[in-house]
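S.K.: Take a look at the following structure, please.
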Amino acid sequence: MEFNKYIEIARRGYTPNPKIFTPDEQLMELGEKLLNLEIATTEYGVHRMTLDEALIDSKRFLDYYFKLHKVPYLCYPSLLGKKIPLIFKKHPYDLPLFETEEDALIFDGAVIEELTNSSRPKVLFRGIELSKTTTECTSATYVHEITHTQLDSVKGSIKEYYNAEILSMFAETFHYMEIDKGERLLRLFDSRRISELNLILEDLIEYKNNSSTKEKDELLEDSKYAISILKAYNLFITFYYANENIKNEILDDIQCIFDGYLTLEEMLSKYEVTLESSQEEKRLLKYFNR
């Protein structure tokens, strides 16, 4: 298989040639401890919600906390029987919606993007995928994907490839906290993320032990998600326990990243979010045991 992930990383403007993340035994043990916590139980079910209801809820949340900018939209209309590329600015809410292939994955979503092949590559957006089965979770998933449009359309907003999912995960988690003050959905989501993290860490340990069957592209993707999950929770835990002034400051900083005045890495440094600090057992256990 041709190894193309590094090409994509370079074209997106991330620091080139990141290495595959290899977790140590201490992180593996921490992951197991978190997995064994009773974060979510059978009482934390998910209720069906229409797509329109989910989108209204997402937009209400995003419009209250952030000011979103338009993004470059790519479509292929037919002209004289031939499809031609057409690019223009579009509000992210107006991007076309498509159904994901695997309907059972109620948390799943994706932004459909294309990279221009030029000396100054640009991310273009074609739409957003959401699960056909729409539930309360669809609202937060849409928030996650809309956050990606705000970041990916501003080249340089994120410097490191491994940090690419942090703010989308943060916004999604924050929305779960807001949508249900009893934290039913937040705890369910926490449980899902911890399970996901452990599966990823197992894959990365296999690579470390030279027993992995995965391609390098997949291992780099695993590395991105492992590091982003850890750092996203680090930032969210700071936000969760903060006073209103600090919470507003964090949200203002996110808006500055959307607007191109601040990089994600500058924000992470401000709140001392590092890979090392994101593995502090006492801090994580306090949050997940709340």
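The values are calculated or read from the model by the stated rules, or taken from the named source; none is laboratory data. Computed from a prediction, not measured in an experiment: that's the story for all the values here. Note that we place each Cβ from the backbone using ideal geometry, even for glycine, and neighbour counts take in every protein chain shown. To get the accessible areas, we keep the full protein, side chains included, count just its heavy atoms, and leave off ligands, DNA and RNA. Shrake-Rupley method; radii C 1.70, N 1.55, O 1.52, S 1.80 Å.
S.K.: Do you know which residues across the stretch 237-290 are within 15 Å of Phe170 (Cα to Cα) and of a type in the set (Asp, Glu)?
M.R.: Those that are within 15 Å of Phe170 (Cα to Cα) and of a type in the set (Asp, Glu): Glu249, Asp252, Asp253, Glu265.
S.K.: Still on this model: All but one of (1) surrounded by 23 or more Cβ atoms within 10 Å (Cβ to Cβ); (2) closer than 30 Å to Lys122 by Cβ hold for Leu219; which doesn't?
M.R.: Every listed condition holds for Leu219 apart from (1).
S.K.: Right, next: Under 8 Å by Cβ, and 6 or more places apart or on different chains, what pairs join a residue from the stretch 55-77 that is free of Cβ contacts under 8 Å to residues at least 24 places away in the same chain with one that is open to solvent by 60 Å² or more (accessible area, probe 1.4 Å) and in a strand (DSSP E or B)?
M.R.: Within 8 Å, the pairs are Lys70/Lys89; Tyr76/Lys83; Tyr76/Leu86; Pro77/Lys83; Pro77/Leu86.
Conditions (1) over 22 Å from Tyr240 (Cβ atoms); (2) touching a Ser or Thr at 6+ places or on another chain (Cβ under 9 Å), marked per residue:
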{"residue": "Thr116", "(1), (2)": "yes, no"}
{"residue": "Val123", "(1), (2)": "yes, yes"}
{"residue": "Glu129", "(1), (2)": "yes, yes"}
{"residue": "Thr134", "(1), (2)": "yes, yes"}
{"residue": "Val143", "(1), (2)": "no, yes"}
{"residue": "Thr147", "(1), (2)": "no, yes"}
{"residue": "Ser153", "(1), (2)": "yes, no"}
{"residue": "Phe174", "(1), (2)": "no, no"}
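S.K.: Collect the residues in the stretch 157-192 that are assigned to a loop (DSSP other than H, G, I, E, B) and among the small types (Gly, Ala, Ser), keeping them in residue-number order. I'd like the intermediate steps shown before the answer.
M.R.: Just the residues of the stretch 157-192 that are assigned to a loop (DSSP other than H, G, I, E, B), to begin with: 157-160, 164-165, 180-183.
Answer for the stretch 157-192, where residues must be assigned to a loop (DSSP other than H, G, I, E, B) and among the small types (Gly, Ala, Ser): Ser157, Ala164, Gly182.
S.K.: Hey, does the stretch 222-230 have a residue that's more than 18 Å from His144 (Cβ to Cβ) and either open to solvent by less than 50 Å² (accessible area, probe 1.4 Å) or not β-branched (Val, Ile, Thr) (or both)? Write out each step before concluding.
M.R.: Of all residues in the stretch 222-230, those more than 18 Å from His144 (Cβ to Cβ) come to 222-223.
After this cut, where a residue has to be either open to solvent by less than 50 Å² (accessible area, probe 1.4 Å) or not β-branched (Val, Ile, Thr) (or both) as well, the list is 222-223.
Within the stretch 222-230 (the criterion being more than 18 Å from His144 (Cβ to Cβ) and either open to solvent by less than 50 Å² (accessible area, probe 1.4 Å) or not β-branched (Val, Ile, Thr) (or both)), the answer is yes, since at least one residue qualifies.
S.K.: Pull up the stretch 61-105, narrow it to residues that are among the acidic types (Asp, Glu) and not in a strand (DSSP E or B), then point me to the one that is least open to solvent (accessible area, probe 1.4 Å).
M.R.: Quick first cut of the stretch 61-105, residues among the acidic types (Asp, Glu) only: 63, 94, 99, 101-103.
Going one step further and asking which of them are not in a strand (DSSP E or B), we end up with 63, 94, 101-103.
Numbers: Asp63: 92, Asp94: 94, Glu101: 183, Glu102: 121, Asp103: 61 Å².
So, considering only residues that are among the acidic types (Asp, Glu) and not in a strand (DSSP E or B), the one least open to solvent (accessible area, probe 1.4 Å) is Asp103.
S.K.: Out of the stretch 7-21, which residues are within 28 Å of Asp190 (Cα to Cα), open to solvent by less than 60 Å² (accessible area, probe 1.4 Å) and not aromatic (Phe, Trp, Tyr)?
M.R.: Matches in the stretch 7-21: Pro18, Ile20.
S.K.: Determine whether Thr213 is part of a loop (DSSP other than H, G, I, E, B) and either touching a Leu at 6+ places or on another chain (Cβ under 7 Å) or not aromatic (Phe, Trp, Tyr) (or both). Give the derivation first.
M.R.: Numbers: part of a loop (DSSP other than H, G, I, E, B): yes; either touching a Leu at 6+ places or on another chain (Cβ under 7 Å) or not aromatic (Phe, Trp, Tyr) (or both): yes.
When the stated conditions are applied, Thr213 passes them.
S.K.: Another question, if that's okay. Test Tyr261 against the stated conditions and say whether it is touching a residue at least 60 places away in the same chain (Cβ under 8 Å), more than 14 Å from Leu167 (Cα to Cα) and open to solvent by 20 Å² or more (accessible area, probe 1.4 Å).
M.R.: Spelling it out, it is not the case that Tyr261 is touching a residue at least 60 places away in the same chain (Cβ under 8 Å), more than 14 Å from Leu167 (Cα to Cα) and open to solvent by 20 Å² or more (accessible area, probe 1.4 Å).
S.K.: Quick check on the stretch 198-213. Is at least one of its residues farther than 24 Å from Ile7 by Cα, of a type outside the set (S, T, N, Q) and surrounded by 17 or more Cβ atoms within 10 Å (Cβ to Cβ)? Reasoning before the result, please.
M.R.: From the stretch 198-213, those farther than 24 Å from Ile7 by Cα are 198-199, 201-202, 205-206, 209-211; that's our starting set.
Checking the rest, the ones that are also of a type outside the set (S, T, N, Q) come to 199, 201-202, 205-206.
Restricting the remaining residues to those that are surrounded by 17 or more Cβ atoms within 10 Å (Cβ to Cβ) gives 201, 205.
Yes - at least one qualifying residue is present in the stretch 198-213.
S.K.: Okay, next question. Cβ-Cβ distance below 7 Å, separation of 6 or more or different chains: which pairs start in the stretch 31-43 with a residue that is farther than 8 Å from Ile194 by Cβ and end on one that is surrounded by 11 or more Cβ atoms within 10 Å (Cβ to Cβ) and modelled with pLDDT under 65?
M.R.: Sorted first by the residue in the stretch 31-43, then by its partner, the list stays empty.
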